[in-house]
Amino acid sequence: QVQLVESGGGLVQAGASLRLSCVASGLTFSSYTMGWFRQAPGKERDFVAAISRSGGGILPADSVKGRFTISRDNAKNTVYLQLHSLNPEDTSVYYCAADKQITSRWKGVMPEYWGQGTQVPVSS
């Protein structure tokens, strides 16, 4: 079975940094584009960032560009999201996702595989 397991979330103060991790199993990790989405309370799930199979291509959402960094370690089957300068508007459940679609097309993609999410509440 394919599993994506997020970790690293938790309550933080505004201005803080956090690193989220997602460990994948049950798939050939290096064959998949990986990405992150987030869903704020009462809102739709939004795209955050995606990274290509080799890590050489990155597509960030405009809302997080310059503050969040996506990376991956194929040897560890892990994708990361480094969060900086968090503010209460970033409060969301953050979801890891995997799909074979290329990175440049991920804005409109519904990924094949999803993790269960990790909560990042940001207090003011």
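The values are calculated or read from the model by the stated rules, or taken from the named source; none is laboratory data. Fair warning: this is a prediction, and the values are worked out from it, not measured in the lab. When we count neighbours, we look across all protein chains shown, and the Cβ atoms used for this are built from the backbone with ideal geometry, even at glycine. The accessibility values were calculated without ligands, DNA or RNA, using every heavy atom of the protein model including side chains. Shrake-Rupley method; radii C 1.70, N 1.55, O 1.52, S 1.80 Å.
Normalised Debye scattering of region 62-124 at q = 0.14, 0.17, 0.22, 0.27 Å⁻¹ gives log10 I(q)/I(0) of -0.49, -0.73, -1.18, -1.40, counting only Cα atoms as equal scatterers and leaving out solvent. A convex hull fitted to the Cα coordinates of region 6-77 yields 115 cubic angstrom per residue. Residues considered: Ile102, Ile70, Ile51. Largest GNM mean-square fluctuation over the chain, using C-alpha springs under 10 Å, is found at Ile102. Report, ordered by chain and residue number, the aspartates and glutamates lying within cross-link reach of Lys43, taken as a straight Cα distance under 19 Å and ignoring same-chain residues fewer than 8 apart. In chain and number order, the partners are Asp62, Glu89, Asp90.
If you roll a 1.4 angstrom probe over the protein chains with everything in place, what fraction of the accessible area of the chain belongs to carbon and sulfur, to the nearest %?
Details: 2910 of 6420 Å².
About 45 percent, which is the carbon plus sulfur part of the accessible surface.
Computed packing ranks the peptides 76-84, 26-34 as 76-84, 26-34, most packed first, by mean other Cβ atoms within 10 Å. Rolling a 1.4 Å probe over the protein heavy atoms gives region 25-108 an accessible area of 49 Å² per residue. Straight-line cross-link reach from Lys100 at under 25 Å between alpha-carbon atoms covers these lysines, not counting any fewer than eight positions away in the same chain: Lys65, Lys76. Computed from the C-beta positions of Gln39 and Ala75 and an R0 of 35 Å, the FRET efficiency is 0.70 to the nearest 0.05.
Close amide-amide hydrogen proximity is noted between Gly117 and Glu6, Cys96, each under 5 Å apart and 5 or more residues distant or on a separate chain (H modeled in the peptide plane; Pro and chain starts excluded). Note on Ala16 and Ser30: the model spin-label points, each 7 Å out from Cα along the C-beta direction, lie 3.6 nm apart.
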